[in-house]
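Input: a single structure, listed below in structure tokens.
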Amino acid sequence: MLKHLNLRLLLVVTTFLAFSCSTAKKAGKSKKDATATTQRSGKKPGKNDPQPYAKVITKDAKSDQGLFTVHTVDDKFFYEIPDSLFDREMLMVTRISKTASGLGFGGGKLSEQVLRWEKKNKKVLLRMVSHQVVAADSLPVHEAVENSNFEPVIATFPIKAFSTDSLNTVIDVTDLFAKDVKPLGFPQRARKQYKISRLDGQLSFIESIKSYPTNIESRTVKTYSAGSPPSNSNTGAISVEINNSMILLPANPMKRRYFDKRVGWFTSSQTDYGLEDQKSKSVEFLDRWRLEVKDEDIEKFKRGELVVPKKQIVYYIDRATPEKWRKYLKQGIEDWQVAFEAAGFKEAIIAKDPPSIEEDPEWSPEDARYSVVRYLASPIPNANGPHVSDPRTGEILESDINWYHNVMSLLRGWFFVQTAAINPDAQSPQFKDEVMGRLIRFVSAHEVGHTLGLPHNMGSSVAYPVEKLRDAEFTKKYGTAPSIMDYARFNYVAQPGDEGVALMPEIGTYDKYAISWGYRPILDKTPEEEKPVLNEWITKHEGDPMYRFGHQQAGDVVDPSSQTEDLGDDAMLASEYGIKNLKRIVPNLIEWTTEAGEDYDDLDEMYGHVVSQFNRYMGHVSNNIGGVYEHYKTSEQEGVVYTAVPKAHQKKAMAFIQKQLFETPEWLIDKNIFDRIEFTGSVERVRAMQARTLNNILSLGKMQRLIEAYTYDNKAYALTDMMSDLRQGVWSELRTGKKIDTYRRNLQRAYIDRLEYLMAAESPRQSRRSSAYVKVTPVNTSQSDIRAVVRAELKTLKNQLRSARGGDTMSKIHIADAIERINLILDPK
């Protein structure tokens, strides 16, 4: 009932707009002319002419009123479009709603584009609109921009009928969703990956099209013929359920706020040719909700009083969410209120239960008016917080957090492996509801942060001295990191006896600062005029690590102070504490993971988490070798942006790796555990761990950065020094004459294999100008010093192998084999 009332109000508004909008007047005139022509000629409408409304939308039609009225007649779907909505821009978001194994996950976004419905003669056109390249329409260059960015037509529709009041136009949209309209379907990259040849129309159909006041939701099942489907390969096809969400963009665009990379934020961007810069320049602005001060509260706000915004950010909890977890998800949402208070707002973000079906049968999580935490019964161990934003301004229009049931398995593994040594609540295969609930609250808050516009801040967790993470008073006040948006999971540094220490981050100092920076209104200033104020807010905290933003890095980690899942300002000390705790956990694994009558699946899973956590520590440490710190600054700030990791720190990292990993980690080799979870694989597991870290140290990027740093500063850690340190540790038995056991032989062969790879490795194809997330170090492998140094190392090692004495029979066989391997590398012929 409420929905229909709102729609009647909308029709009143659209009626008014029809008489006040020039484009609507033109459309109306076109219809009258067509009608008049037909009357004068005395002819009945032709096959392709508009038909009487009642002939198209019959008495049997099922109609759903909303943004457009959607009519279903037999197996056809019609849009009845008000004239006032022609030429209005709409955002089409295409997502997977259901999928087969290996084809992504439900909720995953496939594409996003702006559309515009236009009326031309007897047809309606659907155009794809780009906001990537712009210029103000008052400037001469605007014409050139328009001429260079012609909006493609992705579909045309003959007009089927006009409404009886001549204010609405009816078109048949069945083919738009039933056929393969590529911008609304599976993306091109996936078509290539799975060798998709065509849409199978016999196995594809429209599931539903539903209309809401500001959006239309279309669900279709698409079946594509595929040469390489990732699952169900015997079908030779891929079937997915796709949801197309078409959302009306605001008629009154929100004021932008320009981005500054010193504060992390999700953004939208445009190339603006209307600027005075003597080059084409991209402008980047924040994705954020429209939080505005009510007119009657402006004076209060100016006095520093907290005010309730004109429109609050409201999240609903999915009806499918188990009752016992709802309060924790809601707490995670409202935990952000303290951050918005720093921005001048109170009660800015609210969590609500949805109305029951009896209270409001029309309520739907697909309605774009509602942002919902969607609870998905899925084996995917994940949660994510996507949002939909207006590409013109960055205004976040709605967001649905996807909460997969099996994320609890991830939380259980992380919490166990990182805290069980000191935390009785984690020493069992099944956590108490209040313990799991607190973990759910933590992840809920993290994902909500994404929907507010905040990306991961991996530079946050290094702000605290490692020893402070063992301090109960400090961690209760500041948590375990200044930002909940870091991947600083749980406090693996804390040791037995550190009673009362906090185990996880809260909404922290950086989070409050970032929300204030992005959301605090700056009244009566244009976006350009805001820039000096925003800059002042940043420089006020210059040099304070608690206010630092550090990008998440993918691939080669360049900045070791901006890593995932690390804690504290010293990776070696933090990892040493973490390993001490793992050594306490392993002897108790069987007791803490098994119950009478159950098998050893939990033991297997948790031992895997121990190995993974140990690998993380090795990554945190080894990434200091060849590392470069990145601290964003603008030109008026003192100091440089990039600084090589000091030599002493890199040598400390090398010594740590040699001791903790390359010297076989015997504590991790527990036959009592292996005999319960596997018939083989323990030796290979150790080899894989060691080879992984070895390859990370001997990566082209790290080696080239060592060469470059030493070129500028001969006090830096030279590549030759690093290679010598590495060789002496990996091959220490050659000096001592000790027996070389199975684990060490595997490591040493991995070392030779890696040097062989480096002798033939090709230069990376990517350019130096890589993204903030993926940093590629440029290196010409055939002309750099890398191969020359590797060749020298091979020759030195060969001489040491020849001079080696002692060892058992297998050690001698291994040494002889190593010499032959080196000979083949140095002289392949």
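What to note about this one:
- Those strands (runs of 3 or more DSSP E) of the stretch 319-429 in which 2 or more residues are more than 30 Å from GLY608 (Cβ to Cβ) and in contact with a Leu (Cβ under 9 Å, 6 or more places away or on another chain) occupy 349-352, 396-398.
- Candidate set: the stretch 606-663, residues that are hydroxyl-bearing (Ser, Thr, Tyr) and more than 17 Å from PRO560 (Cα to Cα); chosen: the one surrounded by the fewest Cβ atoms within 10 Å (Cβ to Cβ): SER635
- All positions within the stretch 104-121 that are at pLDDT 70 or above and touching a strand residue (DSSP E or B) at 6+ places or on another chain (Cβ under 8 Å): GLY108, LYS109, LEU110, SER111, GLU112, GLN113, VAL114, LEU115, ARG116, TRP117, GLU118, LYS119
- Candidates SER399, SER371, SER428, SER364, filtered to the one that is surrounded by fewer than 17 Cβ atoms within 10 Å (Cβ to Cβ) and hydroxyl-bearing (Ser, Thr, Tyr): SER364
- Cβ-Cβ under 9 Å pairs, at least 6 apart or on other chains, the stretch 169-182 side over 24 Å from ASP87 (Cβ atoms), far side surrounded by fewer than 21 Cβ atoms within 10 Å (Cβ to Cβ) and hydroxyl-bearing (Ser, Thr, Tyr): ALA178/SER204; LYS179/SER204; ASP180/SER204
- Every condition in (1) without any contact (Cβ under 8 Å) to a residue 24 or more places away in the chain; (2) in contact with a helix residue (DSSP H, G or I) (Cβ under 8 Å, 6 or more places away or on another chain) holds for SER732 except the one numbered (2).
- So TYR757, is it surrounded by fewer than 15 Cβ atoms within 10 Å (Cβ to Cβ), at pLDDT 90 or above and hydroxyl-bearing (Ser, Thr, Tyr): yes
- The criterion of at least 2 residues that are under 27 Å from ALA818 (Cβ atoms) is met by the following helices (runs of 4 or more DSSP H) wholly inside the stretch 668-732: 682-697, 700-712, 719-730.
- Within this structure, GLU528 fails the test of being charged (D, E, K, R) and either within 25 Å of TYR629 (Cα to Cα) or surrounded by 19 or more Cβ atoms within 10 Å (Cβ to Cβ) (or both).
- Residue in the stretch 442-449 that is in contact with a helix residue (DSSP H, G or I) (Cβ under 7 Å, 6 or more places away or on another chain), in a loop (DSSP other than H, G, I, E, B) and among the hydrophobic types (A, V, I, L, M, F, W, C) present: no
- Hey, GLU151 of a type outside the set (Gly, Ala, Ser) and either part of a loop (DSSP other than H, G, I, E, B) or modelled with pLDDT of 95 or more (or both) or not: yes
- Against the test of being hydroxyl-bearing (Ser, Thr, Tyr) and within 20 Å of HIS446 (Cα to Cα), the options SER371, SER364, SER356 yield a single qualifying residue, SER371.
- Checked against the criteria, SER231 counts as among the small types (Gly, Ala, Ser), over 23 Å from the mean Cα position of the chain (by Cα) and modelled with pLDDT under 90.
- Count of residues meeting criterion [touching a strand residue (DSSP E or B) at 6+ places or on another chain (Cβ under 7 Å) and either over 27 Å from VAL435 (Cα atoms) or among the polar types (S, T, N, Q) (or both)] in the stretch 394-424: 7
- Considering only residues in the stretch 502-525 that are touching a residue at least 60 places away in the same chain (Cβ under 8 Å) and β-branched (Val, Ile, Thr), the one that is farthest from PHE266 (Cα to Cα) turns out to be ILE507.
- One residue from LEU523, LEU503 being hydrophobic (A, V, I, L, M, F, W, C), under 24 Å from ASP260 (Cβ atoms) and over 23 Å from the mean Cα position of the chain (by Cα): LEU523
- Residue-level analysis places VAL407 among those that are free of Cβ contacts under 8 Å to residues at least 40 places away in the same chain, touching a Pro at 6+ places or on another chain (Cβ under 8 Å) and β-branched (Val, Ile, Thr).
- So LEU582, is it in a helix (DSSP H, G or I) and more than 21 Å from LEU411 (Cα to Cα): no
- Given (1) surrounded by fewer than 20 Cβ atoms within 10 Å (Cβ to Cβ); (2) touching a residue at least 40 places away in the same chain (Cβ under 8 Å); (3) part of a loop (DSSP other than H, G, I, E, B), index of the condition ASP559 fails: (1)
- From the list ASP60, ASP64, ASP83, the lone residue that is farther than 20 Å from ASN244 by Cβ, touching a Lys or Arg at 6+ places or on another chain (Cβ under 9 Å) and charged (D, E, K, R) is ASP83.
- Within the stretch 197-228, being hydroxyl-bearing (Ser, Thr, Tyr), over 28 Å from GLU398 (Cβ atoms) and over 29 Å from the mean Cα position of the chain (by Cα) holds for SER197, SER225.
- The sole residue among SER282, SER378, SER364 that is of a type in the set (Ser, Thr, Tyr), within 24 Å of ARG256 (Cα to Cα) and not assigned by TED's automatic domain parsing to the domain that holds SER101 is SER282.
The values are calculated or read from the model by the stated rules, or taken from the named source; none is laboratory data. Just so it is clear, the structure is predicted and the values come from calculations on it, not from any experiment. All Cβ positions, glycine included, derive from the backbone under ideal geometry; neighbour counts span all protein chains shown.
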